[in-house]
1. Quick one: in the range A:182-217, of everything that is at the interface with chain B (Cβ under 10 Å from one of its Cβ atoms), outside any helix (DSSP H, G or I) and among the small types (Gly, Ala, Ser), which residue is surrounded by the most Cβ atoms within 10 Å (Cβ to Cβ)?
2. Filter the range B:1-26 for residues that are farther than 23 Å from residue B:135 by Cβ and facing another protein chain (nearest Cβ under 8 Å); which is modelled with the lowest pLDDT?
3. Return yes or no: is residue B:142 under 30 Å from residue B:106 (Cβ atoms) and within 10 Å of another protein chain (Cβ to nearest Cβ)?
4. Considering every residue within the range B:104-112, establish whether at least one is of a type outside the set (Gly, Ala, Ser) and under 18 Å from residue B:60 (Cβ atoms).
5. So which of B:166, B:156, B:174 ends up being more than 14 Å from chain A (Cβ to nearest Cβ) and assigned to a loop (DSSP other than H, G, I, E, B)?
6. Can you name the residue in the range B:27-42 that is touching a Lys or Arg at 6+ places or on another chain (Cβ under 9 Å) and at the interface with chain A (Cβ under 8 Å from one of its Cβ atoms) and is also surrounded by the fewest Cβ atoms within 10 Å (Cβ to Cβ) among such residues?
7. Kindly provide the set of residues from the range A:20-51 that are away from chain B (no Cβ under 11 Å) and more than 38 Å from the chain's Cα centre (by Cα), ordered by number.
8. Tell me which residues, restricted to the range B:236-253, are touching a Leu at 6+ places or on another chain (Cβ under 7 Å) and assigned to a helix (DSSP H, G or I).
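The values are calculated or read from the model by the stated rules, or taken from the named source; none is laboratory data. Predicted model only: the values in this text are computed from it and were never measured. Note that each Cβ is placed from the backbone with ideal geometry, even for glycine, and that neighbours are counted across all protein chains shown.
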Amino acid sequence: MTYQPANDWLLYNTVQFCRALRERGLLATPSEAIDAAMALGLIDLDDREETFLSLRSVLTSRPEDFPVFEELFESFWARLGRSSQPRKIVEREGLSTGARPSSRNHGQKGLAFFLEHWGAGVSRDPEPISLPGASNTESDAEKDFSLFGADELEEISRVARRIARRLARIPSRRWETARRGLRVDLRRTLRQSLKNGGEFIRLSFKRRKQKKTRLVVICDVSGSMDLYSQILLQFVYGLQNSFARVETFVFSTKLERITGHLRNNTYRHALKRLGTDVRGWSGGTLIGVSVAAFNFGWPKLVDRRAVVIILSDGWDTGEPEELGAALAELKRRAGKLIWLNPLLGSSAYQPLVRGMQAALPHIDVFASLHNLASLRALEKHLIL
Amino acid sequence: MREEVRNIQELLRRQAYVSDAAVATSLYLAMALGKPLLIEGPAGVGKTEIAKSLADALDARLVRLQCYEGLDATTAIYEWNYPKQLLRIKLQEHASASAAEKEAEIFSEPFLLKRPLLEAITDQTSSPVLLIDEIDRSDEEFEAFLLEILSDFQVTIPEIGPIKATHRPYVVLTSNRSRELSDALRRRCLYLWINYPSFQKELEIVRAKVPAIGEALSTEVTRMIQAVRKLNLAKTPGVAETLDWASALVVLNASQLDEEVITETAGCFLKDEADLRKFEAELSAGRLGL
């Protein structure tokens with residue numbers, strides 16, 4: 001193996017290249033830069049493909065990094081003064097600039113409306129479609145929530161309770177020492193027995209750790225979303241005994257923490273009171289600002305043991321860059337980031353909204369929430 | 001292209017592993033820089049196969065650690081041999097050694113059960129290939145155990161202290177991306193992404209791995225699989241499935257593909273009922289270029 005130290009010009013450019021990559025979000029720290037410089041000393045620098053493949057191997061760590069890498073490699077290669085063949089250009093998807101669809105039931109009434117009408121039923125349609133109570137059949141599972149009568153919303157709590165029972169008893173795969181447990185902790189027992197000349201007087205046990213997942217729900221309650229927000233919150237609160245902690249936030253243009261109001265069983269009453277407190281506001285949704293406010297205000301709620309659910313249709317009137325950055329920050333700390341979008345239920349929907357486009361790269365699970373089937377499907381995502 | 005890179009490509013070819021420049025370059029760098037190689041890609045594209053072929057090519061021992069959720073230090077790194085420790089305590093009951101001496105003795109290397117990771121770094125004769133397979137199946141706590149081994153090639157046992165590798169293993173990690181790996185782990189590895197092979201490459205692989213298959217049949221099989229991959233199925237067949245199917249066709253003495261043979265053997269490369277139905281519909285509609 002021959003190692004030739006890289007010359008100064010090459011070294012300088014390599015470091016610049018790594019810095020450029022780092023600015024674009026790649027994991028190219030000084031230690032990667034050192035590896036890159038060493039790699040360049042080990043390969044054939046006249047071979048463009050080999051240089052490209054080598055540096056890509058050192059400086060990227062996921063396929064999503066490749067487009068950025070390819071782009072910046074181009075200028076790196078050019079600065080080294082080597083001839084460059086044109087590379088294929090990565091196609092960019094067109095972004096939709098369409099207007100936000102109007103609400104299914106009511107216009108832009110927002111947070112105040114949501115809080116006032118919390119749990120008050122959604123059957124304000126002139127002719128509510130009546131269906132048998134135990135809606136467990138295939139067709140009911142597929143029926144959109146917006147077509148549900150108030151009595152049928154009861155079914156949601158039932159689904160939640162059923163799932164809660166299953167979630168409650170998922171032990172972790174890891175063990176912890178305990179006074180009593182299923183298995184003898186041999187390592188500890190043996191260590192303790194040494195005091196007694198190797199006689200087992202007291203046994204140490206171990207048992208499965210309990211999973212302690214936290215659930216953070218951030219709900220969009222602007223006009224088009226309040227129906228789904230109500231359903232999700234109702235569902236989540238049916239589950240709250242299965243989690244170590246459930247935290248709830250609602251937002252439209254600003255973020256509100258409503259955990260305390262929902263905790264006790266009289267939350268409907270509490271919400272009414274809250275509804276009158278809420279300052280007046282109108283207009284669009286600021287998802288990015290709200291998520292950023294959450295990151296800033298409650299950073300300790302989110303760690304690797306937390307599942308974060310954001311419920312929104314992605315119609316953000318703020319800057320998509322801000323949303324992207326806020327979500328990236330959230331994703332970095334959260335165990336799992338789930339985005340529920342009720343519009344995903346309609347087959348024609350394409351997540352082309354600018355806000356949604358900015359959000360997608362940071363989301364672990366992008367799922368729908370528009371009928372009972374999607375609610376049941378949520379169960380598996382709640383397990384960390 | 002560098003001589004060494006070409007050599008690796010040639011060595012792998014002799015193990016009937018058809019590689020390309022990306023694979024060979026990454027392997028070369030991983031070996032030259034002494035860094036682990038993290039290989040990601042869809043299921044069945046031959047990620048694990050790289051490590052096996054590398055071991056064969058280098059004539060090195062392959063130490064394999066299959067990851068699963070809840071995998072912990074006692075199954076992956078080391079465990080104390082409790083029965084042996086107990087026996088020793090009993091035997092020495094009346095010995096004059098002090099308690100501290102007895103303790104030091106039973107917590108020493110002869111009482112250690114080596115699990116794959118410790119096994120890989122204590123090989124006394126030569127560098128083995130350490131394959132940490134499907135790392136994404138393990139949980140994040142386990143990744144933390146790996147960090148020391150991956151960066152310093154050593155294991156620290158509280159009772160003994162650090163054990164350093166006598167011969168640095170060549171480490172290959174594979175992941176199906178079922179979850180995101182931590183940045184700490186990614187940073188310690190070189191990265192290689194493998195996708196489904198092109199028609200030409202897959203044809204080469206089929207001919208190398210299933211030599212009994214005729215030229216015409218191998219072309220048909222490869223073309224069919226390439227078409228199936230475009231169908232947007234729940235479980236897209238990987239190269240492993242192509243090879244299974246090719247071997248099955250050889251066993252059945254099929255000389256060419258027709259609808260009947262395909263329907264009978266589709267289970268070799270489609271492992272999902274809905275996929276099978278979709279495939280059969282496409283097949284009978286003649287949209288798969290048969």
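1. A:198
2. B:1
3. It is true that residue B:142 is under 30 Å from residue B:106 (Cβ atoms) and within 10 Å of another protein chain (Cβ to nearest Cβ).
4. Looking for residues that are of a type outside the set (Gly, Ala, Ser) and under 18 Å from residue B:60 (Cβ atoms), one finds none in the range B:104-112, hence no.
5. The unique qualifying residue is B:166.
6. The residue in question is B:35.
7. The answer is none; no residue qualifies.
8. B:249
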